[in-house]
Amino acid sequence: METLNRIRSKALMERGIESHLLYNLDGEGRQNIKDIPTFVTSDPDTIRKLIEKEKYHAIIICSDIHMLIQISSFGYDGRLIFELQGLGTPEEALLILQDFKEHIQRHADALLYPQTAHLRQLIRSFFPDIPQYCFDDPLDTRNFGYTAYPRKPFPVIGWIGRIQVNKNWREFLLLGQRLLKLYPGLYLWLFDDDTLSDSAELAGYRQMLAEDPLLSSRLIRYSNIPHELMADYLSIIGDSGGMLISTSIREGFGYAVAEAMLCRCPVLSTDSGGVRRFIFHNTTGKFYTRGNLEEGVAEAVSLMLDPLLRKQLVQNAEAHIRKHFSADLYAERFIAMLSGLEATSPFFAPDYGSGPEAADGNE
């Protein structure tokens, strides 16, 4: 959420719409936020006074049902838009929506969610009478991208996520073990936020490394890298002849994959849902069947051994992200949503439509 909030806030500010951020808890992601008013508090009275002072025209509440109920109870008379992101597997999303249903119907003026098939189907069936807006999350295509560095003398396989079940870190290490047998000089770079690891999963991760000295010696764990530096790491991985591997069980969007593409780093991924918006097998990236390690290794090897295919995938992927996922396009769709919810307000800019792709705009 930190990446999404930061990118869209800047995009809206460029259109003359002031955006503030509120988080219940502080975290490592705050280091990435610059020049955006940001508040960190879970105190209801402080939040109420902030809303009364700033007189927000609209508030977007990201997957926090308690915050939706709380702000509604303040008597806030602007638009409350409940955003659904990162709800996990379809089964987990179903349980969450069942728990949230009554409160969403009572307190939300509209729903916002990314173009993810299982989310769209669930939300439409649960909330047919609430205005819904479904469009892709944005990327900072102007400032985040490829930079050339001296090429590493060894291939690097990258992974970005959290040491949690849904991110499926274990499968990345299993793939790494097999690839190391084929490429002894290979290195694995794992990027995570060490403050968000699941304790049981972290124990399993450490045990797996302890049992495999070669894997342990070839894996470098990077924790809490500032977001602006990730473009450099991804560029280096791509130029090394390696790739980013995404092993997630379920992704609502998949920022790590999209950002790798923007940095000309080829991607091999499980079919985790949201990544279908930008991975087209053997056109912009590669899929493998989650759990099928032999298939995953074969696809990775093909990326490393076929320079023509690799070049085509990298070029197609970067062009696709720049065309369809820019912050400017997102801002147009977002402003169209605000205009649709409050067409009579002079605050909203009625000139912005939902973009040329109707299916990706206001639904």
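Quick notes on this structure:
- If the condition is being more than 20 Å from Leu338 (Cα to Cα), open to solvent by 50 Å² or more (accessible area, probe 1.4 Å) and part of a loop (DSSP other than H, G, I, E, B), then region 38-74 contributes Ser42, Asp43, Phe74.
- Picking from residues in region 13-37 that are hydrophobic (A, V, I, L, M, F, W, C) and out of contact with any helix residue (DSSP H, G or I) (no Cβ under 6 Å at 6 or more places or on another chain), the one that is most open to solvent (accessible area, probe 1.4 Å) is Leu25.
- Leu4 meets the conditions (1) open to solvent by 20 Å² or more (accessible area, probe 1.4 Å); (2) assigned to a helix (DSSP H, G or I) in every case but one. The failed one is (1).
- The set of residues from region 205-217 being open to solvent by 70 Å² or more (accessible area, probe 1.4 Å) and either at pLDDT below 95 or touching a helix residue (DSSP H, G or I) at 6+ places or on another chain (Cβ under 9 Å) (or both) comprises Ala210, Leu214.
- Odd one out for Glu228 among (1) modelled with pLDDT under 95; (2) assigned to a loop (DSSP other than H, G, I, E, B); (3) of a type outside the set (A, V, I, L, M, F, W, C): (2)
- In this structure, Leu80 does not qualify as open to solvent by less than 20 Å² (accessible area, probe 1.4 Å) and touching a Pro at 6+ places or on another chain (Cβ under 9 Å).
Here's the yes/no breakdown for (1) open to solvent by 40 Å² or more (accessible area, probe 1.4 Å); (2) touching a residue at least 40 places away in the same chain (Cβ under 8 Å); (3) over 20 Å from Arg250 (Cβ atoms); (4) not in a loop (DSSP other than H, G, I, E, B):
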residue	(1), (2), (3), (4)
Lys286	no, no, no, yes
Arg290	yes, yes, no, no
Glu295	yes, no, no, yes
Ser302	no, no, yes, yes
Gln312	yes, no, yes, yes
Asn316	yes, no, yes, yes
Ala319	yes, no, yes, yes
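- Scope region 40-61; condition within 22 Å of the chain's Cα centre (by Cα) and at pLDDT 95 or above; matching residues: Ile59, Ile60, Ile61
- Flag for Tyr187 being in contact with a Lys or Arg (Cβ under 9 Å, 6 or more places away or on another chain) and not small (Gly, Ala, Ser): yes
- Scope region 237-251; condition open to solvent by 10 Å² or more (accessible area, probe 1.4 Å) and touching a strand residue (DSSP E or B) at 6+ places or on another chain (Cβ under 7 Å); matching residues: Ser246, Arg250, Glu251
- The set of residues in region 1-24 that are small (Gly, Ala, Ser) and without any contact (Cβ under 8 Å) to a residue 60 or more places away in the chain comprises Ser9, Ser19.
- Hey, Phe278 buried (at least 20 other Cβ atoms within 10 Å of the Cβ), within 20 Å of Phe325 (Cα to Cα) and among the aromatic types (Phe, Trp, Tyr) or not: yes
- Scan of region 186-243 for residues that are of a type in the set (Phe, Trp, Tyr) and farther than 20 Å from Tyr149 by Cβ, ordered by number: Tyr205
The values are calculated or read from the model by the stated rules, or taken from the named source; none is laboratory data. The model shown is predicted, which means the values in this text are computed figures rather than measured ones. Neighbour counts run over all protein chains shown; Cβ positions are idealised from the backbone, glycine included. Keep in mind that these areas ignore ligands, DNA and RNA; they rest on the heavy atoms of the full protein, side chains included. Shrake-Rupley method; radii C 1.70, N 1.55, O 1.52, S 1.80 Å.
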